[in-house]
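The values are calculated or read from the model by the stated rules, or taken from the named source; none is laboratory data. From a predicted model like this one, the values you see are computed outputs, not experimental measurements. FYI the Cβ positions are ideal-geometry reconstructions off the backbone, even for glycines, and counts take in every protein chain you see. All accessible areas refer to the heavy atoms of the entire protein, side chains included, with ligands and DNA or RNA removed. Shrake-Rupley method; radii C 1.70, N 1.55, O 1.52, S 1.80 Å.
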Amino acid sequence: MKKIILLFICTLSTMTGISQNSMIPEVVWNGITENENQYVELLNLKDKNSLIVRVAYSGYWNKGLSGQYIIYQNDGKIKRYKVFQPSDSDLKTKVKRKRVRKKDFQNYWNYLKNCISEKKFQINKTQLNIDAKPGKEKGTRLVKSISDGTTYHFSVYQGKNYIAYASFEPKSFIEDEYPGFEERQKLVDLMAGFETLAEKY
């Protein structure tokens, strides 16, 4: 009987060790919603407490929101989806699952932990859409107007917690060094990092 109990304790501690290694790191969130995020249902996730990273783009020519979703599950697995949500409510959302090899899971976890430890998720959202700056002459302002541009969207969700950023044509404003261009650059780099990760693995 003692052997059986000892075996059970050893097995339990081994399982606990595995789950701790693959636990989702703590994130500093922007806010909390009343309801669970919509992507758990949209992507039909069994692990409702998965961490969902969304990198997406929208614009007039896109006719909707086109995005990549990286799912970090509590069991250590990684899932990836491409989703197109049309702006026309009469059209259906398209969801396509993309395969992630088991040997590449750790690359995704390493990047997520790096983002959290280096506080890459912490961006000043009030600086992401400033479209005016002082002109050369005293008392004047330069206002940049772009038609038919693209909006960059970056979000992280877990349960009712979320982080959400959006910036309209950030690269153009970065190039001309409008106020907030440093925060825009952080957003562009953050999104590019997840996209590179998905393309490579």
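Observations, loosely collected:
- Förster radius 35 Å - calculated FRET efficiency between I146 and N110 (Cβ-Cβ, nearest 0.05): 0.45
- Pairs exceeding a 20 Å alpha-carbon distance, out of K92/K171; K79/K113; K82/K120; K94/K171; K113/K186: K92/K171; K82/K120; K94/K171.
- Against the main long axis of the alpha-carbon atoms of the chain, helix 105-117 sits at an angle near 60°.
- Values [x] 20.8, 88; [y] 18.9, 62; [z] 27.6, 107 are given for comparison; Rg and Dmax of the Cα atoms in Å, derived from the coordinates here, is the one labelled [x].
- Extended-chain gain in nm, criterion 0.36 nm per residue less alpha-carbon gap, D131 and E41: 28.8 nm
- Spin-label pair A164/Q185, simplified geometry with 7 Å Cα→Cβ offset, distance in nm: 2.8 nm
- Surface share of carbon and sulfur [accessible, 1.4 angstrom probe, percent] for the chain: 52 percent
- Alpha-carbon centroids, the stretch 139-201 and the stretch 119-136: separation in whole Å: 9 Å
- Within a Gaussian network of the chain (alpha carbon springs, distance under 10 Å), most fluctuating of K103, K119, K82: K103
- Against the chain, whose longest principal axis is taken from its Cα atoms, helix 181-200 shows a tilt of about 40°.
- Computed FRET value (nearest 0.05) for E175 with K200, which takes r as the C-beta separation and R₀ as 30 Å: 0.65
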